[in-house]
Amino acid sequence: MLKIENLHASVDDKPILKGLTLDVPAGEVHAIMGPNGAGKSTLSYVLTGREGYEVTEGTATLDGEDLLALDPSERAARGVFLSFQYPLEIPGVPALTFIRTAMNAQRKARGEPEVTAPEFLKLARTTAASLKIDFEMLKRALNVGFSGGEKKRMEIFQMAMLSPRFLILDETDSGLDIDALKIVADGVNAMRSPDRAMLVITHYQRLLDYIKPDRVHVLAGGRIAASGGPDLAHALEREGYDKYARAA
């Protein structure tokens, strides 16, 4: 599904990614772990096309299509989704309006019919209930006045409604208590599918107790420094990232 080869990227002329290579097949969940400043969030922004992140070398493809040649809206229409570490607030725009607009924009880009209001509301109510979201909250301005846990659940709600093919979760566990973490993880796990893949970015092994990865990768010095199974996350929790950072 996602294939990255020798990816180099910089921000304000400062190199951040320095030859990153990664392959995430369909049906798998891969975790990226690493110290601060290693390039984890930069990777997520490069894949989704955030402005200001310049790719200087290498490739990133989704099912063989060049992601880097597409603008952000085209990547979203292809099914690329990013759950932000710090979700944005959009005053004056109700969450339901925002999500239905996004759904229909993606459907139009794919040549699909728009979702009708009754279909959308039925799906929204069912999805909100599964994530323990008060439906009234969805009528409020997107993320405005929401707690950290509510913002993260809203991200997962958007993900479930949009049903993307490739999910990038950037430190989804940040700021969550155990109860909220379990709810968010349940929502993510419900999205597992043979034709969908996920990249979970996190500092800590804690999240991976709830979202079980198929592979774990250590990102240090702008490249993948080590890869392994779920046990690698436990080793990182015990030993830290120092040896990888020093080697990088």
What residue, among those in the range 126-137 that are assigned to a helix (DSSP H, G or I), of a type outside the set (Ser, Thr, Tyr) and more than 21 Å from the chain's Cα centre (by Cα), is nearest to VAL93 (Cα to Cα)? MET137
Residue pairs meeting the criteria (Cβ under 7 Å; at least 6 apart or on separate chains; first at pLDDT 95 or above, in the range 197-225; second of a type in the set (Asp, Glu)): ALA197/GLU28; ASP214/GLU28; ARG215/GLU28
For the range 193-209, which residues satisfy the criterion of being of a type outside the set (A, V, I, L, M), surrounded by 14 or more Cβ atoms within 10 Å (Cβ to Cβ) and not in a helix (DSSP H, G or I)? ARG196, THR202, HIS203, TYR204
Qualifying residue in the range 168-178 (condition: surrounded by fewer than 22 Cβ atoms within 10 Å (Cβ to Cβ), over 30 Å from ARG140 (Cβ atoms) and either in contact with a Leu (Cβ under 6 Å, 6 or more places away or on another chain) or among the small types (Gly, Ala, Ser) (or both)): no
(1) part of a loop (DSSP other than H, G, I, E, B); (2) under 20 Å from the mean Cα position of the chain (by Cα); (3) touching a residue at least 40 places away in the same chain (Cβ under 8 Å) all hold for ASP173 apart from (3)
Of the residues ALA9, ALA76, ALA69, which is under 28 Å from GLY111 (Cβ atoms) and either surrounded by 15 or more Cβ atoms within 10 Å (Cβ to Cβ) or not hydrophobic (A, V, I, L, M, F, W, C) (or both)? ALA76
With charged (D, E, K, R) and out of contact with any strand residue (DSSP E or B) (no Cβ under 6 Å at 6 or more places or on another chain) as the only criterion, which of GLU5, GLU51 stands out? GLU51
Residue within the range 156-169 that is within 30 Å of LYS108 (Cα to Cα) and among the charged types (D, E, K, R) present: yes
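The values are calculated or read from the model by the stated rules, or taken from the named source; none is laboratory data. Predicted, not measured: the structure shown is a model, and the values here were computed from it. Quick reminder, even Gly has a Cβ in these numbers, built from the backbone with ideal geometry, and neighbours come from all protein chains shown.
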